[in-house]
Amino acid sequence: MENVNVNRTRLFVASCLALLVTAITFAIRARIASVFTDDYGLSPEEVGRALAPAFWGFAVAMFAGGYIIDIVKTRTIVWLAFGLHLVGIVLLLLAKDYTSLFLANVLIGLGNGSVEAACNPLVTALYPEKKSKMLNRFHVWFPGGIVIGSLLAAIVMDSLNLPWQVLVGLLFIPLAIYGFLFFGQKIPETERVASGVSYKEMMRNVGAPITITLAVIFMILVANVSSISHAITANYSVPLIIIAVIAVFIIIEGKAVNKITLLFPFIFACMLLTASTELGTTQFIELLLADKGIHPMIILAVVTGLMAVGRYFAGGLIHRLNTPGVLLGSAVISVAGLLLLSVTNGPVLTVLSAAVFAVGVCYFWPTMIGAAAEYTPKTGALGMSILGGAGFVATSMVLPIMGESIGTSGAQVTLRNMAILPVILVVLFIIFSIWIKNKKQNAPEEEAVVR
């Protein structure tokens, strides 16, 4: 790092702890949902709606952060995340009805999204020579945090029978530590700013920022307004028509208006599928694997534990295969994992199948963000934030579709249907590999060439 005043190890650890807080909130929220139905009289639908901001708040904060981070500086987004986390956790401790629970999750969701909006570009700025490797190590703490949160929930509420407020209060520990580690530190400019790329050029390199942003806003509406969702999913042709229209507008905006490669919109489309494959399946793990002879939470622990280990050691794999190769291999293994889960029975085979699935999906999220940072570096923090936000929005759209499928067709059919997503990704990542190979051959001096 050129700037000797930047303590990149301390900043990286602080970023990891901020993501740990984010991940633990997901695990805790899953555990205390039943408390608000059993003890506070909320209906399951009310609890579901009160917890929804955890997803769309995440996406909103990531998008907003991506657009303004270079204007207000990374430091501001970091401390905004800390403040939102702090107030959100306090409000969650005081929640006793729908309104207070909803508001707490709005703030926590916005805080979680702000963490990713700030820390993804911060990690790439700290380690420009090994972006994908360090992004994978950073994202170890999402599955790792879910494992930690799940274990804490089991110990505090199930083994010790302590109040749920004690479990939530434990969040103050990593929150205080990451606040301390960030305090007083010089936080570097994003790569885009440091390299002298203008804001206008960043927007242009996204390819179709207006169309992509409007598409994500539309996705948020679909995910949260049931009437719109039902209208779209009532006929199989409607989603295909909508996708085709969005694709046409992206091509028009990217090629005709901005006159630039559509590589980032292509990565954006892949991110929608990778996020849905990973998060959609793991969110419904209890219903999908309820009759396999083993507790679904054990399977979730296996999946998230393997994901954490895989991400930590991703550097060597990315070096050998390069980013497109890792993504292609991940898609192939994900197909195998989902198909195995759909046909296996019994605890041993189910755990083995879950392990295959975990190996498949573990590299998706951080490596997709790393792909944007490596191959479309001029998209800057905005590009990474768009991908992360869109991934969560896509998952929130897929979840109700999966839920309906589980209820009507059963878990096995749903798992087989979900395998279609990584099958599509296999094709897309083959195209991606060829695209990048040609890009390197034709323009080896470009910034987008992988280091």
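So which residues in region 175-211 are among the hydrophobic types (A, V, I, L, M, F, W, C) and closer than 18 Å to Ile251 by Cα? Correct list: Met202, Met203, Val206, Ala208, Ile210.
Of the residues examined, Val302 is not one that is under 13 Å from Gly360 (Cβ atoms) and under 20 Å from the mean Cα position of the chain (by Cα).
Taking (1) touching a residue at least 40 places away in the same chain (Cβ under 8 Å); (2) farther than 26 Å from Ala372 by Cβ; (3) open to solvent by 40 Å² or more (accessible area, probe 1.4 Å); (4) in contact with a Gly (Cβ under 9 Å, 6 or more places away or on another chain) in turn, Leu103 satisfies each apart from (1).
Listed here are the residues, each with its yes/no results for (1) under 25 Å from Val332 (Cβ atoms); (2) open to solvent by 30 Å² or more (accessible area, probe 1.4 Å); (3) at pLDDT below 85; (4) part of a helix (DSSP H, G or I).
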residue: Ser385; (1), (2), (3), (4): no, no, no, yes
residue: Pro422; (1), (2), (3), (4): yes, no, no, yes
residue: Val426; (1), (2), (3), (4): yes, yes, no, yes
residue: Glu447; (1), (2), (3), (4): no, yes, yes, no
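In this entry, Thr190 is excluded by the filter for residues that are surrounded by fewer than 20 Cβ atoms within 10 Å (Cβ to Cβ) and polar (S, T, N, Q).
Is it the case that some residue within region 77-88 is free of Cβ contacts under 8 Å to residues at least 24 places away in the same chain and over 22 Å from the mean Cα position of the chain (by Cα)? There is at least one residue in region 77-88 that is free of Cβ contacts under 8 Å to residues at least 24 places away in the same chain and over 22 Å from the mean Cα position of the chain (by Cα). Selection of first residues in region 315-344 that are within 23 Å of Ser132 (Cα to Cα) and of second residues that are among the hydroxyl-bearing types (Ser, Thr, Tyr) and surrounded by fewer than 24 Cβ atoms within 10 Å (Cβ to Cβ), restricted to Cβ pairs under 9 Å at least 6 apart or on distinct chains, gives the following pairs, ordered by first then second residue: Asn322/Ser433; Pro324/Ser433; Gly325/Ser433; Leu327/Ser433; Leu328/Ser433. Taking the criterion of being of a type in the set (S, T, N, Q) and buried (at least 20 other Cβ atoms within 10 Å of the Cβ), the residues of region 5-46 that qualify are Ser15, Thr22, Thr25. When Ser150, Ser132 are screened for being under 21 Å from the mean Cα position of the chain (by Cα), of a type in the set (S, T, N, Q) and surrounded by fewer than 24 Cβ atoms within 10 Å (Cβ to Cβ), only Ser150 passes.
The numbered conditions (1) modelled with pLDDT under 95; (2) over 22 Å from Met384 (Cβ atoms); (3) touching a Gly at 6+ places or on another chain (Cβ under 6 Å); (4) open to solvent by less than 20 Å² (accessible area, probe 1.4 Å) are all true for Gly88 except (1).
For region 47-63, the candidate set comprises residues that are among the hydrophobic types (A, V, I, L, M, F, W, C) and open to solvent by 50 Å² or more (accessible area, probe 1.4 Å); within that set, the residue that is nearest to Leu221 (Cα to Cα) is Trp56. When the criteria are applied in full, Gly410 meets the requirement of being free of Cβ contacts under 8 Å to residues at least 12 places away in the same chain and open to solvent by less than 30 Å² (accessible area, probe 1.4 Å). For region 7-37, give me each residue that is closer than 14 Å to Ile148 by Cα and among the hydroxyl-bearing types (Ser, Thr, Tyr). Passing the criteria: Thr22, Thr25.
Sub-8 Å Cβ pairs linking a first residue in region 9-28 that is over 30 Å from Phe284 (Cα atoms) to a second residue that is among the polar types (S, T, N, Q), at least 6 apart or interchain, are Arg10/Gln185; Leu11/Gln185; Ala14/Gln185, ordered by first then second residue. Taking Ala247, is it out of contact with any Leu (no Cβ under 9 Å at 6 or more places or on another chain), under 14 Å from Met397 (Cβ atoms), at pLDDT 90 or above and in a helix (DSSP H, G or I)? No: the conditions fail for Ala247.
Restricting the first member to region 424-446 and to residues that are among the basic types (Lys, Arg), and the second to residues that are assigned to a loop (DSSP other than H, G, I, E, B) and modelled with pLDDT under 90, the beta-carbon pairs closer than 6 Å and six or more apart or on different chains are Lys440/Val449.
Rundown of residues vs (1) in contact with a Lys or Arg (Cβ under 9 Å, 6 or more places away or on another chain); (2) at positive phi; (3) without any contact (Cβ under 8 Å) to a residue 40 or more places away in the chain, yes/no style:
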{"position": "Pro128", "(1), (2), (3)": "yes, no, no"}
{"position": "Lys133", "(1), (2), (3)": "no, no, no"}
{"position": "Pro143", "(1), (2), (3)": "yes, no, no"}
{"position": "Ile155", "(1), (2), (3)": "no, no, yes"}
{"position": "Leu162", "(1), (2), (3)": "no, no, yes"}
{"position": "Gln165", "(1), (2), (3)": "no, no, no"}
{"position": "Val168", "(1), (2), (3)": "no, no, no"}
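Between Ile285, Ile241, Ile217, the distinction of being out of contact with any Gly (no Cβ under 8 Å at 6 or more places or on another chain) and either touching a residue at least 24 places away in the same chain (Cβ under 8 Å) or closer than 23 Å to Ala61 by Cβ (or both) belongs to Ile217 only.
The values are calculated or read from the model by the stated rules, or taken from the named source; none is laboratory data. These numbers come from a predicted model, not from an experiment. Backbone-built Cβ (ideal geometry, glycine too); neighbour counts: all protein chains shown. In case anyone asks, the SASA skips ligands and DNA or RNA and just uses the protein heavy atoms, side chains included. Shrake-Rupley method; radii C 1.70, N 1.55, O 1.52, S 1.80 Å.
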